[in-house]
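In what follows, a single structure is set out as structure tokens and then discussed.
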Amino acid sequence: MLIYGWRTTHIKSEANTYVSCPHCGEKGGITNNVFGSYVHIFWTPTISIGKKGAAQCHHCKKVANPKR
Ligand SMILES: [Zn+2]
């Protein structure tokens, strides 16, 4: 039985209408997704170990990781 580990959860999505897709060039179709990672012990989220962002294009469905 696992009593500890880590999980990544989807925190939020927000549309980014100012950025063009690096793959297909479509503008306004990018959605920024924010994911948070945390360590859980006895299934209780305990320590946040960071957030990650990923941007997906609605047009070509490719995912880009924007540098921040
Ligand atoms: Zn695209």
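Every read-out reported here was derived from the displayed coordinates using simple, explicitly stated rules and does not represent laboratory data. This one's a predicted model, so the numbers in the text were calculated from it and none came from an experiment. We place every Cβ from the backbone using ideal geometry, glycine too, and count neighbours over all the protein chains shown.
Of all residues in the range 59-68, exactly one satisfies the criterion of being touching a residue at least 40 places away in the same chain (Cβ under 8 Å) and part of a strand (DSSP E or B), namely Ala64. Looking only at the range 16-59, residues that are within 16 Å of the ligand (Cβ to nearest atom), surrounded by 11 or more Cβ atoms within 10 Å (Cβ to Cβ) and on the phi < 0 side of the Ramachandran plot come to 20 in all.
The number of residues in the range 2-27 that are closer than 17 Å to Val63 by Cβ and outside any strand (DSSP E or B) comes to 7. Evaluate the range 40-58: report whether one residue or more is outside any strand (DSSP E or B), in contact with a His (Cβ under 8 Å, 6 or more places away or on another chain) and farther than 29 Å from Leu2 by Cβ. Checked against the condition, which is being outside any strand (DSSP E or B), in contact with a His (Cβ under 8 Å, 6 or more places away or on another chain) and farther than 29 Å from Leu2 by Cβ, the range 40-58 yields no hits at all.
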